[in-house]
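**Student:** Sharing a structure with you now.
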Amino acid sequence: MSLDIQKLSSFAKEQGFIFPNSEIYDGVGGIYDYGPLGVELKRRIADLWWRAMVQMHENIVGLDAAILMHPRVWEASGHVEAFHDPLVDNKVSKKRYRVDTLIEEYAQRLEERARRETEKKARKAHLSPEALEEALHKHRDFQKAQQLKARLNEAMAKKDWAALTTLLHEEKIPCPESGSTEWTAVRQFNLMFSTQLGALSEEAQQIYLRPETAQGIFVDFPLVLKTARLKIPFGIAQIGKAFRNEIVARQFIFRMREFEQMEMQFFVRPGTEAEWYEIWKQKRLRWHRHLGLSSEYLRFKDHEHLAHYARAATDIEFAFPFGFREIEGIHSRTDYDLSRHAEYSGKKLEYYDETIGASYTPYVIETSVGLDRLVLAHLSQGYVEEMAPTAEGGQELRTVLKLHPLLAPIQVAVFPLVRKEEFIQKARTLYEELRLYFPTAYEEKDSIGRRYRRYDAKGTPFAITIDGQTLEDETVTVRFRDTLQQIRLPIGQVRSYLSEQIDIAAWLRTL
């Protein structure tokens with residue numbers, strides 16, 4: 001993608017998708033507000049995830065756990081002890097970076113440069129794809145990138161911050177902003193926000209804003225199991241806020257301090273986890289594709305370093321303007337979470353399996369989606385600048401947001417061609433009918449061409465115009481956002497036609 005993230009953030013602000021938080025007070029870094037269009041887009045994505053995950057599965061139920069939890073929860077989960085990021089400061093730019101991200105991005109730039117140079121030579125030499133890959137792996141920059149990643153993974157696995165400091169200095173990793181290679185020592189930074197629970201400060205208890213939503217599912221596991229009468233395999237799904245004290249919040253809404261997750265923990269019999277892991281990988285990738293994200297911009301990336309409790313882990317990555325990054329993680333977590341909470345709470349968190357006549361602690365397959373990152377992915381892919389015809393027969397540049405119709409914040413716009421009472425009356429009548437069934441807008445200001453362009457940029461897939469012919473034969477013009485084609489329909493058939501075009505049930509059947 002050639003789209004610049006700054007340009008996209010300006011567009012999102014101008015159109016009312018995403019605003020800087022507390023802007024009149026100069027803002028708070030790494031925190032954003034969703035505007036009138038953004039909140040609709042975000043709700044649509046969350047609703048379609050919930051429908052696909054809970055409504056369409058007999059064995060998956062929902063939960064809405066509280067943000068504040070007993071502090072022992074985070075001791076059991078390991079967050080109090082281990083939830084830290086390794087950070088480093090550049091002495092020239094004064095910018096702070098997560099050292100693993102800094103090195104990974106530098107290695108990625110080396111790989112990309114190696115590929116560009118190799119492909120250029122390959123075109124001249126007419127190399128086969130196999131010969132191209134062989135030449136790429138011999139390229140000095142490609143080999144250096146692999147060495148960097150290997151050293152990084154080894155140091156991260158051992159939490160050897162001194163080794164990371166040495167790596168930065170030996171390999172002369174440059175600051176992305178200043179180009180300087182002068183770095184401070186790598187340090188740990190705790191990512192959890194803490195607060196006080198209690199009316200009196202001297203009696204208050206320290207608790208945390210949750211850094212993830214999954215633990216609420218694990219601690220409520222026995223209550224959900226009892227009340228929902230579930231049988232293995234089954235899942236518990238949740239959408240909710242999480243908080244991380246990201247010292248390096250950047251890339252617009254990709255990395256924020258307050259964000260929203262859509263998670264499902266799927267409990268399985270030990271020994272079947274590998275099969276379910278593969279099943280959920282494919283299910284989740286298919287969901288993203290069916291919601292309109294291009295296969296060209298999606299890929300799996302397996303974790304090179306697994307957490308000590310994980311059997312397998314992969315990310316679904318999307319090609320953002322700043323490169324491929326994670327939008328969803330699928331993890332095989334074994335029985336670590338339930339076992340830890342059983343140990344720390346002293347309560348049994350087991351499942352009695354009637355089919356084998358025995359109790360055991362279930363294993364867990366986790367699917368975890370960053371809702372804000374998914375919003376950014378759809379905005380990134382949907383934003384298009386293209387030449388389009390004008391009413392006068394010329395060409396002009398139009399900005400259009402090509403969202404899947406089910407995601408469009410405004411799915412239908414109704415316009416009277418001119419501001420005359422007979423046109424306005426029919427347009428308002430149609431608007432009042434359609435808005436009972438679809439997110440619908442009405443507008444009569446400016447020329448019809450300007451109104452079309454305005455709603456193209458808002459992502460509205462269908463525009464209905466009441467024109468002179470409507471007064472003669474009760475038909476209307478239906479204009480399509482992406483193709484600019486127009487058809488005429490009897491005004492009495494507009495609602496049923498749109499229902500066919502924006503059909504959630506038909507979409508769910510394709511999953």
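The values are calculated or read from the model by the stated rules, or taken from the named source; none is laboratory data. This one's a predicted model, so the numbers in the text were calculated from it and none came from an experiment. Virtual Cβ from ideal backbone geometry, glycine too; neighbours counted across all protein chains shown.
**Student:** Being without any contact (Cβ under 8 Å) to a residue 24 or more places away in the chain and either within 30 Å of Glu14 (Cα to Cα) or surrounded by 13 or more Cβ atoms within 10 Å (Cβ to Cβ) (or both) is the filter here, so list the residues in the range 452-473 that pass it.
**Tutor:** Arg454, Gln469
**Student:** For the range 137-155, give me the residue count where each residue is assigned to a helix (DSSP H, G or I), without any contact (Cβ under 8 Å) to a residue 40 or more places away in the chain and in contact with a helix residue (DSSP H, G or I) (Cβ under 7 Å, 6 or more places away or on another chain).
**Tutor:** Of the residues in the range 137-155, 6 are assigned to a helix (DSSP H, G or I), without any contact (Cβ under 8 Å) to a residue 40 or more places away in the chain and in contact with a helix residue (DSSP H, G or I) (Cβ under 7 Å, 6 or more places away or on another chain).
**Student:** Considering the range 461-478 alone, what residues qualify as being assigned to a strand (DSSP E or B) and either acidic (Asp, Glu) or under 17 Å from Ala441 (Cα atoms) (or both)?
**Tutor:** Across the range 461-478, the qualifying residues are Phe462, Ala463, Ile464, Thr465, Ile466, Val476, Thr477, Val478.
**Student:** Wholly within the range 182-292, which strands (runs of 3 or more DSSP E) include no fewer than the required count, namely at least 3 residues that are in contact (Cβ under 8 Å) with a residue 12 or more places away in the chain, more than 30 Å from Met156 (Cβ to Cβ) and in the same structural domain as Leu3 (by TED's automatic domain parsing)?
**Tutor:** It comes to 234-243.
**Student:** Could we say that Ala46 is under 17 Å from Phe259 (Cβ atoms), under 19 Å from the mean Cα position of the chain (by Cα) and of a type outside the set (Phe, Trp, Tyr) here?
**Tutor:** It is true that Ala46 is under 17 Å from Phe259 (Cβ atoms), under 19 Å from the mean Cα position of the chain (by Cα) and of a type outside the set (Phe, Trp, Tyr).
**Student:** Output the number of residues of the range 413-448 satisfying the condition of being in a helix (DSSP H, G or I) and loosely packed, with under 14 Cβ neighbours inside 10 Å.
**Tutor:** Counting residues in the range 413-448 that are in a helix (DSSP H, G or I) and loosely packed, with under 14 Cβ neighbours inside 10 Å gives 5.
**Student:** Further, regarding this structure: Tell me yes or no: at least one residue of the range 329-348 is within 30 Å of Tyr34 (Cβ to Cβ), in contact with a Phe, Trp or Tyr (Cβ under 8 Å, 6 or more places away or on another chain), assigned by TED's automatic domain parsing to the domain that holds Phe252 and of a type in the set (Ser, Thr, Tyr).
**Tutor:** Among the residues of the range 329-348, not one is within 30 Å of Tyr34 (Cβ to Cβ), in contact with a Phe, Trp or Tyr (Cβ under 8 Å, 6 or more places away or on another chain), assigned by TED's automatic domain parsing to the domain that holds Phe252 and of a type in the set (Ser, Thr, Tyr), which makes the answer no.
Conditions (1) under 32 Å from the mean Cα position of the chain (by Cα); (2) among the aromatic types (Phe, Trp, Tyr); (3) under 30 Å from Leu209 (Cβ atoms); (4) surrounded by fewer than 14 Cβ atoms within 10 Å (Cβ to Cβ), marked per residue:
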| position | (1), (2), (3), (4) |
| --- | --- |
| Arg115 | yes, no, no, no |
| Thr118 | no, no, no, no |
| Arg123 | no, no, no, yes |
| Ala163 | no, no, no, no |
| Cys175 | yes, no, no, no |
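**Student:** Shifting gears a bit: Any chance you could count how many residues in the range 297-338 are surrounded by 18 or more Cβ atoms within 10 Å (Cβ to Cβ), more than 30 Å from His378 (Cα to Cα) and not hydrophobic (A, V, I, L, M, F, W, C)?
**Tutor:** 4
**Student:** Of the residues that sit in the range 339-370 and are out of contact with any helix residue (DSSP H, G or I) (no Cβ under 6 Å at 6 or more places or on another chain) and part of a helix (DSSP H, G or I), which one is surrounded by the fewest Cβ atoms within 10 Å (Cβ to Cβ)?
**Tutor:** Per the stated criteria, the residue is Glu343.
**Student:** Show the residue pairs that are 6+ apart or on different chains and have beta-carbon atoms under 8 Å apart, the first residue being within the range 36-62 and within 21 Å of Ala228 (Cβ to Cβ), the second being at pLDDT 95 or above and of a type in the set (S, T, N, Q).
**Tutor:** Here the result reads Gly62/Gln238, each pair linking the range 36-62 to a residue that is at pLDDT 95 or above and of a type in the set (S, T, N, Q).
**Student:** Something else now. Of all residues being hydrophobic (A, V, I, L, M, F, W, C) and out of contact with any Phe, Trp or Tyr (no Cβ under 7 Å at 6 or more places or on another chain) in the range 80-109, which is nearest to Pro176 (Cα to Cα)? Just the residue, please.
**Tutor:** Filtering first and then ranking leaves Leu102.
**Student:** Just to be sure I understand, how many residues within the range 67-89 are part of a strand (DSSP E or B) and closer than 30 Å to Leu168 by Cβ?
**Tutor:** Residues in the range 67-89 being part of a strand (DSSP E or B) and closer than 30 Å to Leu168 by Cβ: 6 in total.
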